[in-house]
């Protein structure tokens with residue numbers, strides 16, 4: 001079920017009402033209800049893949065219990081390996097098998113040995129990359145004695161499949177989310193109101209910004225051989241907002257939705273395009289995934305407390321793995337590598353924490369130096385996104401070659417159709433609203449300081465109106481669903 | 001919680017009023033090319049406005065035709081009239097069964113047909129019906145009865161256009177519109193038929209590069225069932241007709257047994273003219289799936305004979 005679907009619009013009020021009615025009875029029944037709702041939510045897409053979630057839940061529940069019970073180091077390691085093999089195995093089969101086979105075959109053909117590839121015709125299960133990482137973090141945390149193994153299988157199953165964040169994150173840590181299933185909830189008006197505000201802005205990002213920007217980006221990228229460098233760079237800017245609106249919009253909906261049910265999810269995006277350098281960008285972009293890689297790969301490898309060469313190695317490892325996590329294609333891996341190249345100098349020169357303060361606090365117009373650093377960082381990310389958007393390495397290189405040519409100064413004015421002009425106007429409005437609230441907890445928080453309910457409600461109505469009047473029907477699909 | 005629910009209900013009321021006002025202002029004052037999700041066009045393609053206003057001249061007809069452009073361009077009411085068969089053509093551009101159901105429910109009492117002919121070109125079963133819904137909303141007086149069609153199309157564009165058209169119909173705004181009888185190459189004929197200036201199909205030798213498969217949406221099939229049930233409840237006979245398409249068009253698909261088996265399963269007469277004898281791709285079509293007037297004449301003459309065989313109690317020879 002997609003959040004922006006009629007099915008979800010009927011599913012949510014029902015689940016919300018029953019959930020809070022059940023709050024008066026015992027916690028277990030409430031958790032069973034959330035679990036069933038989550039399975040219905042997921043099974044709506046394809047019920048067969050519920051078995052994968054159920055299997056992942058069962059395996060990690062049992063193995064984590066075994067890890068927790070035994071003090072024998074060898075056995076603990078064995079159980080952990082079991083969990084890692086199972087979860088990464090699932091990902092390997094469903095997401096990466098064909099990639100490895102293809103590269104294996106082309107690798108051999110390079111040496112003149114022709115092998116026949118047996119591709120698997122598998123559907124990539126929605127959300128698999130998210131929930132496998134979530135269960136992995138649980139087993140690893142139990143192994144590291146950061147967390148007790150959960151005794152209640154319902155609590156654990158609900159943690160794995162919690163519907164607001166099941167399909168596209170944020171990737172929650174067990175230490176943060178599991179305790180919330182173990183505590184009785186009480187309805188909090190302010191929390192629920194804030195949840196609705198976050199959801200509303202999330203829908204705006206997804207349905208207005210992402211979907212309309214994708215139309216322009218697709219128009220240009222799909223005909224890239226005929227486009228000038230300047231036009232292609234503009235397309236990469238629209239794609240940057242497409243991917244941001246898509247991904248952060250969906251995360252916002254998940255966070256807001258959880259608040260309606262009294263749950264608190266971690267923040268996943270903090271206005272990343274206002275970052276003043278790449279290091280800051282990576283502290284603001286897809287935070288739940290970046291911190292996952294930091295905690296479970298980067299730090300165990302020694303992090304930045306090792307020699308310079310090893311630091312570079314560690315940076316490359318996490319960025320390459322991050323790229324590979326997003327998709328089984330060399331373009332994603334290259335995107336990761338480019339970001340590692342962007343990021344490494346900051347870390348090596350100890351400048352990675354230069355910009356940890358609020359962005360231009362108290363100022364509406366940024367200082368020229370800050371403005372330029374924001375624009376420079378944004379341009380760097382746009383160039384890297386080209387690999388993310390392209391179907392092949394050849395396409396990415398062709399596009400970049402055009403961008404770094406004199407045709408960078410040429411812009412195809414045909415792209416400014418009436419619909420696209422409306423999109424540009426909405427995008428400018430969106431950037432202004434986000435900029436003005438860049439240092440707040442969430443974008444619409446400013447409305448809470450307005451006393452007049454009528455004005456607040458008018459703003460909400462205007463946002464819904466813009467969603468309904470500009471949303472493109474055929475763009476229901478999430479770009480991030482490519483990641484799964 | 002009570003306070004939260006109370007505010008949700010109050011906001012919903014507030015939002016409904018502001019939304020309707022917003023849609024009206026948006027629909028009335030903003031240029032069409034900037035309106036992504038609202039398309040109100042009177043005199044839209046296919047002469048539906050003229051057809052709807054023509055209904056008042058007809059009563060107790062023999063046959064009512066429903067369907068897409070194959071219908072309003074394929075069933076010539078004049079040819080039937082020559083045989084003393086009074087017909088009305090309620091076809092419209094890209095009409096799918098969801099819209100056919102809406103139209104038949106709305107106009108059956110006025111027209112009171114003895115027989116309904118539902119034209120069943122398979123491609124109309126795989127589309128969402130948005131184009132046709134916009135056409136119907138713009139060119140008829142929208143009623144509450146359209147809500148079913150609007151929910152089935154699941155489109156903001158259809159919903160907004162309906163809201164705009166409905167609000168407009170309630171306000172004292174000049175709603176007069178006169179659709180010309182001749183638009184480009186099309187001439188509106190009394191009874192709902194649209195005659196195309198004689199043209200010939202030039203793409204007869206098109207190379208077929210890939211084969212397609214007909215697909216059927218559940219929503220559209222449900223609507224077809226509803227049409228049949230509705231006709232039966234009204235004691236009106238009903239038949240399916242597959243209007244001729246060029247051989248070239250037919251060859252683009254490789255699962256013709258699917259439509260045939262679906263239509264046959266309804267246990268009502270199904271007359272299949274997909275490959276009508278005596279019809280030639282270049283002489284009798286003006287494009288790959290629309291007959292020109294030469295083709296229409298042959299098709300309608302043959303259809304009348306078939307209908308007389310299938311429904312002798314209604315159409316005597």
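Taken together, the values in this text are just the output of simple stated rules run on the coordinates, not laboratory data. This is a predicted model, so every value here is computed, not measured. Every residue, glycine among them, receives a Cβ derived from its backbone with ideal geometry; neighbour counts consider all protein chains shown.
Quick check: residue separation of residue B:301 and residue B:267 times 0.36 nm, minus the Cα distance between them. What number comes out in nm?
Computed gain between residue B:301 and residue B:267 is 9.8 nm.
How would you classify segment A:113-220 from its alpha-carbon gyration tensor, with a ≥ b ≥ c the square roots of the eigenvalues: rounded for a/c under 1.5, else prolate if a/b is greater than b/c, otherwise oblate? If you can, show how the numbers build up before the last one.
On the way: a/c = 2.99, a/b = 1.13, b/c = 2.65.
Note, shape of segment A:113-220 comes out oblate.
Run the numbers on chain A and let me know its relative contact order in percent, using alpha-carbon pairs under 8 Å that are six or more apart. Write out the running numbers ahead of the final one.
Numbers: 617 pairs, mean separation 89.0, N = 484.
Answer for chain A is 18 percent.
Where both partners of a DSSP beta bridge lie in chain B, what percent of those bridges are antiparallel, to the nearest 5?
Details: 6 of 22 bridges.
Expressed as a percentage, antiparallel bridges in chain B total about 25.
Sort B:272-282, B:108-118, A:271-281 by packing, meaning the average of other beta carbons within 10 Å per residue, with the highest value first. Display every interim value, and only then the final one.
Values: B:272-282: 15.5, B:108-118: 19.7, A:271-281: 21.3.
So the order, starting with the most tightly packed, is A:271-281, B:108-118, B:272-282.
Please give the residues of segment A:216-251, grouped as numeric ranges, whose backbone N is less than 19 Å from a label point set 7 Å along the Cα-to-Cβ vector of residue A:405.
A:220-237
Relative to the longest principal Cα axis of chain B, at what angle does helix B:218-233 sit, 0 to 90 degrees, rounded to 10?
80
What FRET efficiency comes out for residue A:367 versus residue A:5 if R0 is 60 angstrom and r is the Cβ-Cβ distance? Round to the nearest 0.05. Before the final figure, lay out each step's value.
Details: r = 44 Å, r/R0 = 0.73.
Once the sixth-power term is evaluated, E becomes 0.85.
Quick one: A:326, B:28, fewest Cβ neighbours within 10 Å first, how do they rank?
On the way: A:326 21, B:28 13.
The fewest-first ordering by Cβ neighbours comes to B:28, A:326.
Given points 7 Å out from each Cα along the Cα-Cβ axis, report the residue B:16 to residue A:69 separation in nanometres with one decimal.
Simple spin-label model gives 5.8 nm for this pair.
Before anything else, pin down the relative contact order of chain B: Cα pairs under 8 Å, at least 6 apart, normalised by residue count, whole percent. The partial results should precede the final answer.
On the way: 531 pairs, mean separation 69.8, N = 317.
Averaging sequence separation for qualifying contacts and normalising by length gives 22 percent for chain B.
Enter the mean number of other protein chain beta carbons within 10 Å of the beta carbon of each residue in B:16-23, as an integer.
Details: counts 1, 1, 7, 6, 0, 2, 7, 3.
That average works out to 3.
Can you tell me the mean projection area, over all orientations, of the convex hull of chain B's alpha carbons? Units nm², please.
On the way: hull surface 78.2 nm².
Dividing the Cα hull surface by four gives the mean projection, 19.6 nm².
For a quick protection proxy, order the peptides A:44-52, A:312-320, A:163-171 by their average other-Cβ count within 10 Å, most packed first.
Numbers: A:44-52: 13.9, A:312-320: 19.2, A:163-171: 25.4.
By packing density, highest mean first, the sequence is A:163-171, A:312-320, A:44-52.
Using bins 5 angstrom wide from zero, how does P(r) for segment B:1-60 break down, in % of all Cα pairs?
Per 5 Å bin, starting at 0, the Cα pair percentages come out as 4, 13, 13, 12, 12, 12, 11, 10, 6, 4, 3, 1.
Can you pull the semi-axes for segment B:227-317, root of five times each eigenvalue of the Cα gyration tensor, sorted largest first, whole Å? Don't jump to the answer; show the numbers that get you there.
Values: eigenvalues 129, 65, 20 Å².
Its equivalent ellipsoid spans semi-axes of 25, 18, 10 Å.
Length gain on complete extension for the stretch residue B:178 to residue B:32, per 0.36 nm per residue less the alpha carbon to alpha carbon distance? Could you put the intermediate results ahead of the total?
Numbers: separation 146, 0.36 × 146 = 52.56 nm, distance 1.97 nm.
Net length gain for the segment: 50.6 nm.
Take every residue in peptide A:458-470, count the Cβ atoms of other chains within 10 Å of its Cβ, and give the average of those counts.
Numbers: counts 3, 0, 4, 9, 3, 0, 4, 8, 1, 2, 10, 14, 5.
Rounded to a whole number, the mean comes out at 5.
Going 7 Å from the Cα of residue B:211 toward and past its Cβ, which residues in segment B:101-139 have a backbone nitrogen under 19 Å from where you end up?
Output list for this probe position: B:122-123.
Can you check how the C-alpha radius of gyration of segment A:431-472 compares to 2.2 N^0.38 Å, as a plain ratio?
Details: Rg = 11.7 Å, N = 42, 2.2 N^0.38 = 9.1 Å.
Computed over Cα atoms of segment A:431-472, the ratio equals 1.28.
At R0 = 41 Å, how high is the FRET efficiency between residue B:275 and residue A:118 if r is their beta carbon distance? Nearest 0.05 is fine. Walk me through the numbers on the way to the answer.
Working: r = 43 Å, r/R0 = 1.04.
For R0 = 41 Å, the calculated efficiency reads 0.45.
For residue B:143 and residue B:293, FRET efficiency with R0 = 30 Å and r from the beta-carbon atoms, rounded to 0.05?
Values: r = 35 Å, r/R0 = 1.17.
Rounded to the nearest 0.05, the efficiency is 0.30.
What does the convex hull of the alpha-carbon atoms of the protein assembly as shown project to on average, in nm²?
41.5
Nearest 10 degrees, 0 to 90: what angle lies between the long axis of helix B:156-170 and the longest principal axis of chain B (Cα atoms)?
Result, in degrees: 80.
If you count, for each residue, the other Cβ atoms within 10 Å and average over each peptide, how do A:65-75, B:78-88 line up from highest to lowest? Could you put the intermediate results ahead of the total?
On the way: A:65-75: 13.5, B:78-88: 18.2.
The densest-packed peptide leads the list: B:78-88, A:65-75.
Report the gain in length on full extension from residue A:55 to residue A:109: 0.36 nm times residue separation, minus Cα-Cα distance, nm rounded to one decimal. Walk me through the numbers before you get to the answer.
Working: separation 54, 0.36 × 54 = 19.44 nm, distance 3.76 nm.
Contour length minus Cα-Cα distance gives 15.7 nm.
Can you bin segment B:150-235 into rounded, prolate or oblate? Criterion: square roots of the alpha carbon gyration tensor eigenvalues sorted a ≥ b ≥ c, rounded for a/c under 1.5, prolate for a/b above b/c, oblate for the rest. Present the calculation step by step, with values, prior to reporting the outcome.
On the way: a/c = 1.73, a/b = 1.17, b/c = 1.48.
Taking the square roots of the gyration eigenvalues as a ≥ b ≥ c, segment B:150-235 is oblate.
Using a basic spin-label model with each label point 7 Å from the Cα along Cα→Cβ, how many nm lie between residue A:29 and residue B:314?
5.7
Report, to the nearest 10°, how far helix B:293-310 tilts away from the longest principal axis of the Cα atoms in chain B, using its own Cα long axis and a range of 0 to 90°.
80
Got the relative contact order for segment A:1-91 handy, in percent, Cα pairs under 8 Å and 6 or more residues apart? The partial results should precede the final answer.
Details: 39 pairs, mean separation 16.3, N = 91.
Result for segment A:1-91 is 18 percent.
Under a crude label model (7 Å from the Cα following the beta-carbon direction), how far is residue B:127 from residue B:84 in nanometres?
Computed distance between label sites residue B:127 and residue B:84 equals 3.9 nm.
Shape of segment A:1-121 from its Cα gyration tensor (a ≥ b ≥ c, root eigenvalues): rounded if a/c is under 1.5, otherwise prolate when a/b > b/c, or oblate? Intermediate results must be reported in sequence, preceding the final value.
Working: a/c = 4.90, a/b = 1.50, b/c = 3.27.
Here segment A:1-121 falls in the oblate category.
For segment A:302-372, what is the convex hull volume of its Cα atoms per residue in Å³? Walk me through the intermediate numbers first.
On the way: hull volume 8.9 nm³, N = 71.
About 126 Å³ per residue, rounded to a whole number.
In square nanometres, what is one fourth of the surface area of the convex hull spanned by the alpha carbons of segment B:109-188?
Details: hull surface 30.7 nm².
If I average the Cα hull's projected area over directions, I get 7.7 nm².
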